[in-house]
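One structure below.
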Amino acid sequence: MKSIIRKFLSLSLAVVLAAAPLTAFASDALGDELISSNVEVNERTELNAGTFWSNTYSDLRQENYVVYEPNRSVKPIVTSGDYSTQLTTVSSAARTLEADGWRVVAGVNGDYYDTANGIALGSVMSDGVFHNISGSYYALGFYDDGSAVMGKPDLRISAETDYDSFSISAMNYIRQTSFGIFMYDDSFNARGTIGTSEPGYDVICSVRRGELSIGGEMTLEVEDIVEGSVDTAVGRGQYVLSANLNSGENYLNALRALRVGDRITVSVDANSSEWDGVTNLIGALYQLVENGRVCSGLSAGNAPRTAVGLRRDGSLVMYTIDGRQSGYSVGATLTQVAERMLELGCETALSLDGGGSTAMVATNPDSTTASLVSKPSGGSERAVTNHLFLVADNRPTNSVGHVYLESESSRVLPNAQVKLSATVLDTNYIPMSSRDVTLRADRGTIEDDVLTAPDSGTVTVRASAGGASAELEIEVVTQPDSISVQQNGKAVSADGETLFEAEMQIGKNRTGVSLYHNGTKMQNDGTTLTEAADHFVYDAATGYVTMKVTHFSPFTAVYTKGVWSDYAAESYATPVDETNKVITIASAEELALFAKQVNAGTSYKDYTVEITADIDLGENKWIPIEKWNGTFDGNGHTIKNLYVYSYPTGYGYGFFRKFGNSG
């Protein structure tokens, strides 16, 4: 597979260019990586994006994720609406934070919720204040220093008086008819009530001291007791303990024993002291990764997904993958997301709400407001129950701290021109518009922020201002083999209306060829090219795709991988040592020859296979080696990018299908 997705400026014509070969990273979870990018958006916080090709679904996948290393400049916070049942979009919540003086570094949607009432399934705490407490779900908690704890805290709410003690089922959740004592504050709903529709026994309390926190205590004083009331009001600073009149007698008796003036000590405890001191907490329905292993029993089906994970070093990964948009991103299963979180280094990971709820925002270094970086499957953001953000101080310091440098492309043709952009950032990563930036290149020339490339080589561009600097490299491709532009005597229109022809080299005799223009699938005309935009034909004999387009923006060519047995070497470069029974292998083609011979019946019993070089198997699919007895010596070398061909029968999928009795 090749990807042709780099955008360039050559004189007045924008073209897409790729040098041969383009090596693609392979994700076992998502497929072949076509393009990736990353940018530091704040102190030790990096925004990443990646596009993958799924060979299983013959379609694209688009991911975005943030890696955050805890630090004093950037802090994680959990937000929700003004009350527990209020839903808000991630972008709307970001606007609120910005109005409060925060710079929104990045943010994602939060926990699953009950669509009938908007209440989060798991617990929610913001800045040390609980909005909901539920003991049966997973959670991600943050301390004030930005470090985190992840798992299943099993939160328990206990109440104790001078003469009795009892358990509280949950806080700010729908009261159950047949069981439980539930606790409410004035933030449960917009009415400031407990939201019940059946008569209950309600104990109205005021706070005497303390507050609800994990491992802490809060003392309440009973102010009033109401029996048979429906939808009891909760005043500011009050709590109500409530049980349905149809619930068990043990629940009702615990409340009926209370008298006005009684003191009640309420505490919240977790199953481990590591949750003590958490000041922000968000719930999660599923655990994806536990102790470095993918969890079993995860639900299937491709969909947009949101996840969070923790690496061994304490770094946080906030992850989204778009979905349900063929030609852009098909999404992923929960198991695939779990596998991807492992690839990103997570030891533990949880699934947040997905589907139409999946959304990520971030503030680019040259901007002052957060914008949507994901693409919601419903066409617009869905309002959700809560959100997870990384925020920083939004006050300008007027002191130069960083330079943000980007180019229109990282590859250019000889003597081509590419636009450069540099922004000075202060020590809070806020753009400084009044600062001049000096741009220099070790090769070629720069004039008016446009680099004119040299004839060949790699250009290092450096931007500097006020003692801060940044660098990037631009490769000059002297012999591109992936795309050429033919104007056919027609002027190239800047308005994107003039139809012209372009060619792209993807290799001979490819099968299952598909072409995408800026993420949209183009029409394959077979043998005769239609005079219409975004149509193409593929010539297997020459390896060229010819297409009709009205503008140039990223193109992606994809095709079905072949199998290595069809590309095996005819013989080994180092002849087989029959005396000492040694086979020396130094290339993918030779390795394919060995597999082909064994699978065809050559036993090579008790032979030693010596690998003398690193081998990349990414170009084609691998048919597993059948039963073989011998020694396979890698000599410290690696065999990477193994794609296993789908085996129709039997068992064993990998480099070897199965081993002999002494293997």
Please enumerate the residues belonging to the stretch 295-310 that are out of contact with any strand residue (DSSP E or B) (no Cβ under 6 Å at 6 or more places or on another chain), surrounded by fewer than 19 Cβ atoms within 10 Å (Cβ to Cβ) and not small (Gly, Ala, Ser).
-> Leu298
Only one of these conditions is not met by Tyr201: (1) under 13 Å from Ser242 (Cβ atoms); (2) within 41 Å of the chain's Cα centre (by Cα); (3) buried (at least 17 other Cβ atoms within 10 Å of the Cβ). Which number is it?
-> (2)
Any residue in the stretch 380-389 that is touching a residue at least 12 places away in the same chain (Cβ under 8 Å), open to solvent by 40 Å² or more (accessible area, probe 1.4 Å), touching a helix residue (DSSP H, G or I) at 6+ places or on another chain (Cβ under 9 Å) and not aliphatic (A, V, I, L, M)?
-> yes
Right, Thr423: within 30 Å of Tyr113 (Cα to Cα), polar (S, T, N, Q) and surrounded by 19 or more Cβ atoms within 10 Å (Cβ to Cβ) or not?
-> no
Enumeration of residues in the stretch 47-71 that are acidic (Asp, Glu) and under 19 Å from Phe555 (Cα atoms) = Asp59, Glu63
Every pair of residues 6+ apart whose Cβ atoms lie under 8 Å, when the first sits in the stretch 430-442 and is under 16 Å from Val461 (Cα atoms) while the second is surrounded by fewer than 17 Cβ atoms within 10 Å (Cβ to Cβ) and of a type in the set (S, T, N, Q) | Ala441/Thr460; Asp442/Thr460
Would the stretch 603-617 turn up any residue that is touching a Lys or Arg at 6+ places or on another chain (Cβ under 6 Å), under 15 Å from Arg657 (Cβ atoms) and without any contact (Cβ under 8 Å) to a residue 60 or more places away in the chain?
-> no
Only one of Asp154, Asp111 is in contact with a Phe, Trp or Tyr (Cβ under 9 Å, 6 or more places away or on another chain), acidic (Asp, Glu) and at pLDDT 95 or above, namely Asp111
Counting only residues that are more than 25 Å from the chain's Cα centre (by Cα) and closer than 17 Å to Asn189 by Cα, how many does the stretch 84-118 have?
-> 5
Does the stretch 409-442 hold any residues that are under 23 Å from Ser399 (Cα atoms) and outside any loop (DSSP other than H, G, I, E, B), and which are they?
-> Ser421, Ala422, Thr423, Val424, Leu425, Asp426, Pro431, Thr438, Leu439, Arg440
Any hit, the stretch 541-552, residues being small (Gly, Ala, Ser) and assigned to a strand (DSSP E or B) | no
Residue hits (the stretch 155-166; in a strand (DSSP E or B) and surrounded by 14 or more Cβ atoms within 10 Å (Cβ to Cβ)) are Arg156, Ile157, Ser158, Ala159, Glu160, Phe166
Taking Asn132 as the residue in question, decide whether it is open to solvent by 10 Å² or more (accessible area, probe 1.4 Å) and in contact with a strand residue (DSSP E or B) (Cβ under 9 Å, 6 or more places away or on another chain).
-> no
Kindly indicate the residue of the stretch 97-113 that is surrounded by fewer than 24 Cβ atoms within 10 Å (Cβ to Cβ) and acidic (Asp, Glu) and also nearest to Pro431 (Cα to Cα) among those meeting that condition.
-> Glu98
Conditions: (1) farther than 17 Å from Gly215 by Cα; (2) modelled with pLDDT of 95 or more; (3) of a type outside the set (Ser, Thr, Tyr); (4) part of a loop (DSSP other than H, G, I, E, B). Asp144 meets all but one. Number of the miss?
-> (1)
Right, Gly195: in a loop (DSSP other than H, G, I, E, B), open to solvent by 10 Å² or more (accessible area, probe 1.4 Å) and touching a Leu at 6+ places or on another chain (Cβ under 6 Å) or not?
-> no
Tell me, please, whether a residue that is out of contact with any helix residue (DSSP H, G or I) (no Cβ under 6 Å at 6 or more places or on another chain) and closer than 30 Å to Glu63 by Cβ can be found in the stretch 568-590.
-> yes
Just a yes or no: is a residue in the stretch 318-331 within 30 Å of Ser84 (Cα to Cα), assigned to a loop (DSSP other than H, G, I, E, B) and among the charged types (D, E, K, R)?
-> yes
Got at least one residue in the stretch 172-184 being touching a residue at least 12 places away in the same chain (Cβ under 8 Å), among the aliphatic types (A, V, I, L, M) and in a strand (DSSP E or B)?
-> yes
All but one of (1) closer than 30 Å to Lys548 by Cβ; (2) at pLDDT below 90 hold for Ala453, so report the exception by its number.
-> (2)
Do we have Ala49 as open to solvent by 10 Å² or more (accessible area, probe 1.4 Å), assigned to a loop (DSSP other than H, G, I, E, B) and of a type in the set (Gly, Ala, Ser) here?
-> no
Do we find that Glu347 is open to solvent by 40 Å² or more (accessible area, probe 1.4 Å) and closer than 28 Å to Arg293 by Cβ in this structure?
-> yes
Among the residues of the stretch 563-596, which ones are open to solvent by 20 Å² or more (accessible area, probe 1.4 Å), charged (D, E, K, R) and within 12 Å of Leu617 (Cα to Cα)?
-> Glu589
Report, by residue number, each residue of the stretch 443-468 that is of a type in the set (A, V, I, L, M) and either touching a Pro at 6+ places or on another chain (Cβ under 6 Å) or not in a strand (DSSP E or B) (or both).
-> Ala453
Scan the stretch 290-316 and report the pairs whose first residue is within 30 Å of Asn71 (Cβ to Cβ) and whose second residue is of a type in the set (Asp, Glu) and surrounded by fewer than 23 Cβ atoms within 10 Å (Cβ to Cβ), with Cβ atoms within less than 7 Å and a gap of 6+ or a chain change.
-> Asn291/Glu347; Gly292/Glu347; Val294/Glu339; Leu310/Glu347; Arg311/Glu347; Arg312/Glu347; Ser315/Glu69
Does Ala18 satisfy the condition of being over 16 Å from the mean Cα position of the chain (by Cα), modelled with pLDDT under 90 and not in a loop (DSSP other than H, G, I, E, B)?
-> no
Any chance you could count how many residues in the stretch 390-412 are in contact with a Gly (Cβ under 9 Å, 6 or more places away or on another chain), of a type in the set (D, E, K, R) and either on the phi > 0 side of the Ramachandran plot or open to solvent by 50 Å² or more (accessible area, probe 1.4 Å) (or both)?
-> 1
Checked Leu255, Leu245 against criteria (among the aliphatic types (A, V, I, L, M), at pLDDT 95 or above and open to solvent by 50 Å² or more (accessible area, probe 1.4 Å)); the one match is Leu245
Residue among Ser10, Ser73, Ser92 that alone is modelled with pLDDT of 95 or more, farther than 24 Å from Gly618 by Cβ, in contact with a strand residue (DSSP E or B) (Cβ under 8 Å, 6 or more places away or on another chain) and surrounded by fewer than 23 Cβ atoms within 10 Å (Cβ to Cβ) | Ser73
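The values are calculated or read from the model by the stated rules, or taken from the named source; none is laboratory data. It should be emphasised that the depicted structure is a prediction, and the values quoted were computed from it without experimental measurement. Using ideal geometry, Cβ is built from the backbone for each residue, glycine included, and neighbour counts are taken over all protein chains shown. Remember, those area values only see protein heavy atoms, side chains included, never the ligands or the DNA or RNA. Shrake-Rupley method; radii C 1.70, N 1.55, O 1.52, S 1.80 Å.
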